[in-house]
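Colleague: My structure is below; once you've seen it, I'll send some questions.
The values are calculated or read from the model by the stated rules, or taken from the named source; none is laboratory data. In this text the structure is predicted, and so the values were computed from the model without any measurement. So basically every Cβ, Gly included, is an ideal-geometry build from the backbone, and we count neighbours across all protein chains shown. Surface areas here come from the heavy atoms of the whole protein model, side chains and all, with no ligands, DNA or RNA. Shrake-Rupley method; radii C 1.70, N 1.55, O 1.52, S 1.80 Å.
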Amino acid sequence: MLSFALKRLLLMIPLTFGITLITFTVIHLAPGGPVEVETEMSLKASAQARENLKRLYGLDKPLHVQYFDWLKRFVKLDFGISFVDGKKVFDKIKERIPVTLTINLLSLILIMAIAIPIGVLSATKQYSIFDKLTTVFVFVGFSTPTFWLALILMIIFGVTLGLLPISGIQSIDVSGMTKMERLLDWARHLILPVGLSAFGGIAGLSRYSRSSMLEVIRQDYIRTAKAKGLKESDIIIHHALRNALMPIVTILGLSVPGLIGGSVIFETIFAIPGMGQLFYSSAMARDYPTIMGILVIGAVLTLIGNLIADVSYALVDPRVRVKGK
């Protein structure tokens, strides 16, 4: 098992460098740049001033030279200096990443806690009213645009009913609150973002869980267990569920990029000071160092999610460990 995990871990190294190369190239080939963004509104900006800015940012060098300069800093965990405010990119990300990780982890826990039981119940009660209702829920979850749903929830719960805050992660007067009041205030601020982030995932994963469980409960060993007189609950929990979880584990690992990518939408809408909001503002300002830092960290987190999925898959199914040796 240890050798299996080490092989997957070593495979992450070339993948990370490949991702950085492609990302760096695409970002710099995109139209517009930090110099153009800073000078397009200034009529007094001369050609010499633009050249000075390029030299200051190191954009006057060939693209491959810029990449290797960035790579030398990256191996030292130095993402460079932001073009916008002159702060270290690593420090800016360090301030924002706990918020994004907290929201995404809470969303993932919520997805697993709700979607898997829904999928199992839908499979065991196939074509029942519950199964039909969850099918409708899945279609709604897949077809509803995230930004539209966010605005509707903000209007209903924030503006009309006044039950939940619609921006930030804490109130303005948080300094005068006790620890318990701060915790409750923090939880109220996260209800809408976490629920919105988990909504689509619950719809999708519940359907995958249903399909996987349906395939398992039709196997011969399940019919044998029923013929022996075992309780249906014992058959589902102790025999069927573990095998049904194998494809679900893989899907959970692949869902990490979607959660991180979705942060850009709901963090911008809810004015949450996380990596998603930072990425959006950096992209608008063409802040290359910050964009690269966020994308690389997102890529590493995605690879770690896939690694956890591979290891979990191996724990669930010993045959994977044998093939991976």
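Colleague: How high is the FRET efficiency between T144 and R182 when r is their beta carbon distance and R₀ equals 22 Å, given to the nearest 0.05? Before the final figure, lay out each step's value.
Modeller: On the way: r = 32 Å, r/R0 = 1.48.
Between T144 and R182 the formula returns 0.10.
Colleague: What is the extension gain from S3 to R55, computed as 0.36 nm multiplied by their sequence separation minus the C-alpha to C-alpha distance, in nm to one decimal?
Modeller: 14.0 nm
Colleague: Can you give the accessible area of Y280, probe radius 1.4 Å, in Å² rounded to 10?
Modeller: Surface accessible to solvent at Y280 totals approximately 110 Å².
Colleague: Can you show me the helix-derived [θ] at 222 nm for the chain, built from DSSP H runs with n ≥ 4 at -39,500 (n - 2.57) apiece and divided by the number of residues, rounded to the nearest 500.
Modeller: -25000 deg cm²/dmol
Colleague: May I ask for the angle, rounded to the nearest 10°, between helix 241-269 and the longest principal axis of the chain, with both axes built from Cα atoms and the value confined to 0 to 90°?
Modeller: 30
Colleague: Could you put W70, W186, W148 in order of accessible surface area, largest first, with the 1.4 Å probe and the full protein assembly present?
Modeller: W148, W186, W70
Colleague: How much length is gained on full extension from L307 to I13, taking 0.36 nm per residue of separation minus their Cα-Cα distance? Can you show the working numbers first?
Modeller: Values: separation 294, 0.36 × 294 = 105.84 nm, distance 1.22 nm.
Stretched fully, the L307-I13 segment lengthens by 104.6 nm.
Colleague: Would you mind computing the Rg to Rh ratio of the stretch 117-189 from its alpha-carbon coordinates, Kirkwood style for Rh?
Modeller: 1.19
Colleague: When the chain is treated as a GNM, springs tying every alpha-carbon pair under 10 Å, which of A283, A113, A49 comes out with the largest mean-square fluctuation?
Modeller: Per the Cα network of the chain with a 10 Å cutoff, A49 tops the list.
Colleague: Hey, another quick one. Enter the accessible area per residue of the chain (Å², integer; probe 1.4 Å; all protein chains in place).
Modeller: 57
Colleague: Relative to the longest principal axis of the C-alpha atoms of the chain, give the angle of the C-alpha long axis of helix 63-74, reported between 0 and 90° and rounded to the nearest 10°.
Modeller: 70
Colleague: K7: which lysines have alpha carbons under 26 Å from its alpha carbon, excluding same-chain residues fewer than 8 sequence positions away?
Modeller: K72, K76, K323, K325
Colleague: Name the most mobile residue of I156, I217, I118, meaning the one with the largest mean-square fluctuation, in a Gaussian network model of the chain with Cα contacts below 10 Å.
Modeller: I156
Colleague: Using the Karplus curve 6.51 cos²θ - 1.76 cosθ + 1.60 with θ = phi - 60°, what ³J(HN,Hα) values do you get for each residue of the stretch 177-185, in whole Hz, with x for Gly and Pro?
Modeller: Ordered by residue, 3J(HN,Hα) equals 9, 6, 4, 5, 5, 5, 5, 5, 5 Hz.
Colleague: Compare M284, M112 by solvent-accessible area with a 1.4 Å probe and give them largest first, with all protein chains kept in place.
Modeller: Descending order: M284, M112.
Colleague: With a point put 7 Å past each Cα toward its Cβ, work out how far R218 is from L133 in nm, to one decimal.
Modeller: Distance between label points: 2.6 nm.
Colleague: On the protein heavy atoms, probe 1.4 angstrom, tell me the percent of accessible surface of the stretch 1-92 carried by carbon and sulfur.
Modeller: Carbon plus sulfur share of accessible area: 68 percent.
Colleague: What is the ratio of the Cα radius of gyration of the chain to 2.2 N^0.38 Å, where N is its residue count, to two decimals?
Modeller: 1.22
Colleague: A further question follows. If R0 is 51 Å, what FRET efficiency do you get for L29 and H238 from their C-beta distance, rounded to 0.05?
Modeller: E(calc), rounded to 0.05, equals 0.40.
Colleague: Can you give the FRET efficiency for I109 and I251, using 1/(1 + (r/R0)^6), R0 = 22 Å, r = Cβ-Cβ distance, to the nearest 0.05?
Modeller: Using R0 = 22 Å, I get an efficiency of 0.90.
Colleague: What length, rounded to one decimal in nm, is gained on full extension from R73 through to I152, with 0.36 nm per residue of separation minus their alpha-carbon distance?
Modeller: 24.1 nm
Colleague: Still on this structure, please answer the following. If I fit a long axis through the Cα atoms of helix 2-29 and take the longest principal axis of the Cα atoms of the chain, what angle between them do I get, 0 to 90°, rounded to 10?
Modeller: 40
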